[in-house]
Amino acid sequence: MTTILESKTAETTIANSYINEVFETVKKRNANESEFHQAVKEIFDSLAPVFAKHPQYMEHSILERIVEPERIIIFRVPWVDDNGKVQVNRGFRVQFNSAIGPYKGGLRFHPSVNLSIIKFLGFEQILKNSLTGQPIGGGKGGSDFDPKGKSDGEIMRFTQSFMMELSRHIGPDIDVPAGDIGVGAREIGYMFGQYRRIRGAYEAGVLTGKGLGYGGSLTRTEATGYGVVYFVQEMLKDKGLDFKGSTVVVSGSGNVSIYAIDKATQLGAKVVACSDSNGYIYDPNGINLETVKRLKEVERKRISEYVNEHHEALYIEGCSGIWSIPCDIALPCATQNEIDSTSAKTLVSNGVKAVVEGANMPSTLDAIDVFLKNNILFGPAKAANAGGVAVSALEMAQNSARLSWKFEEVDEKLQQIMKNIYQNSVKAAEEYGYPGNLVVGANIAGFLKVANAMVTQGVI
Ligand code: NDP
């Protein structure tokens, strides 16, 4: 790993050794949590110039405090399947940091979910939420429940049981969950219903990503994918480039991918590939989004079925091969660590110009290194995919004002937020001596606001 910033001055040497020391403690105290270590390292490696310039953050032990969640809740989720058998899953909510607002972050239902994954997502969420400029703290949750192949009745019984316990720990001013992998409109609907029943009150702002008929915000469904593309647009504009006429590869075919494909296509790009967890499709004519939406959102089928309707398209088993398709812009929008250094090198040798993360932590640390060393425009997740949580915060604002804004109004705000995130990241990177490095810029810009709030609020 070489993205760690070199010691340019005596102050950065002191800062680097402080950071290393804290990182060693993180590893020891959170043994066997490799995803969490990876997320912490990615952020820590950017922060030496901050501690060199503001040693008071070391005196206030900001790093030691920020890596320790304020609260971790782990609970049993029993439910009855369609055969009458009792199943048991594990539920998680990590309330990481509330220095700048109530905890905010999605719920993930996927068999791979464990404490390390929820902690990595929650930790990233602190700085992401700070970058949006809105008053929201960082949290994340989920379960190792696998929604794939479950009936609607099973999904409902599971989500109701999950909410039975989670409801004790959340609230519009306490902690506001949303969706993530495996949690979409259906699951949010069931969870909101159960929360309302338990509380006996209509607290619309307790969850975001709600349906439009009961407190949801227009543009929330599209927000993460659209936001990623707006972010790429800003990056391209700065280099005199454009989406128009470019070839794009998007991994995944879920919420983020679908709306990234949608907006990139609207802006004149040709998106030639997308995937699911079994394999990927390549369509030289450009992906037909209506087919993908129907297959994945309505029929809940595999992406392989796409080729039955589009005969020039190919389906290839396995996920990483998608990165061998030559493209100008790559948007990993599926899951963590989906691009390793080998895939990164392939993308670079095929002439990729920009790689921007729609998923959380889709690039390994070594892959990021490859992109940065080869001067590829690289947009890190916590900046590029912040549009989803930003519009969630707008949903909270509409809920407390008991108002609904128009689609165009929310979309305009989203575009402005993505522009601000980009510009603030660029500015921070420059100010701290790493011009053009958005990894460093986003980490620093996000960190400063939270660190200042923590210092001001005393030792808590
Ligand atoms: P969805 O559940 O809607 O979709 C996930 C997609 O990724 C599915 O198509 C899934 O395939 C696919 N997938 C999962 N694992 C792999 C894999 N190993 N290789 C290829 N494809 C895979 O989730 P979202 O779109 O909501 O989330 C995607 C990513 O974006 C996650 O990292 C999430 O944390 C992040 N994110 C989401 C936000 C949101 O607003 N939804 C906000 C910010 C970040 P299959 O159908 O087989 O399961």
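The values are calculated or read from the model by the stated rules, or taken from the named source; none is laboratory data. These numbers were taken from a predicted model, which means no experiment stands behind them. Positions of Cβ are generated from backbone atoms using ideal geometry, with glycine treated the same way; all protein chains shown enter the neighbour counts. Areas reflect the complete protein model, heavy atoms only, side chains present, ligands, DNA and RNA absent. Shrake-Rupley method; radii C 1.70, N 1.55, O 1.52, S 1.80 Å.
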- Query: Any idea which residue in the range 258-301 is nearest to Val229 (Cα to Cα), counting only those that are within 14 Å of the ligand (Cβ to nearest atom) and assigned to a loop (DSSP other than H, G, I, E, B)?
  - Reply: Ile287
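Would you pick out the residues in the range 314-336 that are open to solvent by 70 Å² or more (accessible area, probe 1.4 Å), part of a strand (DSSP E or B) and either within 11 Å of the ligand (Cβ to nearest atom) or of a type in the set (A, V, I, L, M, F, W, C) (or both)? Reasoning before the result, please.
Narrowing the range 314-336 to residues open to solvent by 70 Å² or more (accessible area, probe 1.4 Å): 314, 317, 320, 326.
Next, from what is left, pick out any that are part of a strand (DSSP E or B): 314, 317.
Matches in the range 314-336: Leu314 only.
Table: residues versus (1) within 22 Å of the chain's Cα centre (by Cα); (2) in a helix (DSSP H, G or I); (3) within 15 Å of the ligand (Cβ to nearest atom).
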site: Leu241; (1), (2), (3): no, no, no
site: Gly245; (1), (2), (3): no, no, no
site: Val249; (1), (2), (3): yes, no, yes
site: Val256; (1), (2), (3): yes, yes, yes
- Message: Quick test for you: out of Gly184, Gly179, pick the one residue that is surrounded by 22 or more Cβ atoms within 10 Å (Cβ to Cβ), small (Gly, Ala, Ser) and within 28 Å of Asn97 (Cβ to Cβ).
- Response: Gly179
- Query: When Phe120 is evaluated against the numbered criteria (1) more than 21 Å from Val455 (Cα to Cα); (2) touching a Pro at 6+ places or on another chain (Cβ under 7 Å); (3) surrounded by 19 or more Cβ atoms within 10 Å (Cβ to Cβ), which criterion, by number, is the only one it fails?
  - Reply: (2)
- Answer with yes or no whether Thr221 is out of contact with any Lys or Arg (no Cβ under 7 Å at 6 or more places or on another chain) and near the ligand (Cβ under 10 Å from one of its atoms). yes
- Task: Write out, first by first residue and then by second, each pair whose Cβ atoms fall under 9 Å of each other, whose residues are 6+ apart or on separate chains, and whose first residue, in the range 152-166, is in contact (Cβ under 8 Å) with a residue 60 or more places away in the chain while the second is acidic (Asp, Glu) and open to solvent by 50 Å² or more (accessible area, probe 1.4 Å).
- Result: Gly153/Asp82; Glu154/Asp82
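So that you can scan it fast, the table gives a plain yes or no per residue for (1) touching a Pro at 6+ places or on another chain (Cβ under 9 Å); (2) surrounded by 15 or more Cβ atoms within 10 Å (Cβ to Cβ):
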residue: Asp283; (1), (2): no, yes
residue: Lys301; (1), (2): no, no
residue: Val307; (1), (2): no, yes
residue: Glu312; (1), (2): yes, no
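Check the range 351-360 and report whether any residue there is touching a helix residue (DSSP H, G or I) at 6+ places or on another chain (Cβ under 9 Å), hydrophobic (A, V, I, L, M, F, W, C) and assigned to a helix (DSSP H, G or I). First the steps, then the outcome.
Pass one, the range 351-360, residues touching a helix residue (DSSP H, G or I) at 6+ places or on another chain (Cβ under 9 Å): 352-360.
Applying the additional criterion that residues be hydrophobic (A, V, I, L, M, F, W, C) yields 352, 354-356, 359.
Adding the requirement that they be assigned to a helix (DSSP H, G or I) leaves none.
No.
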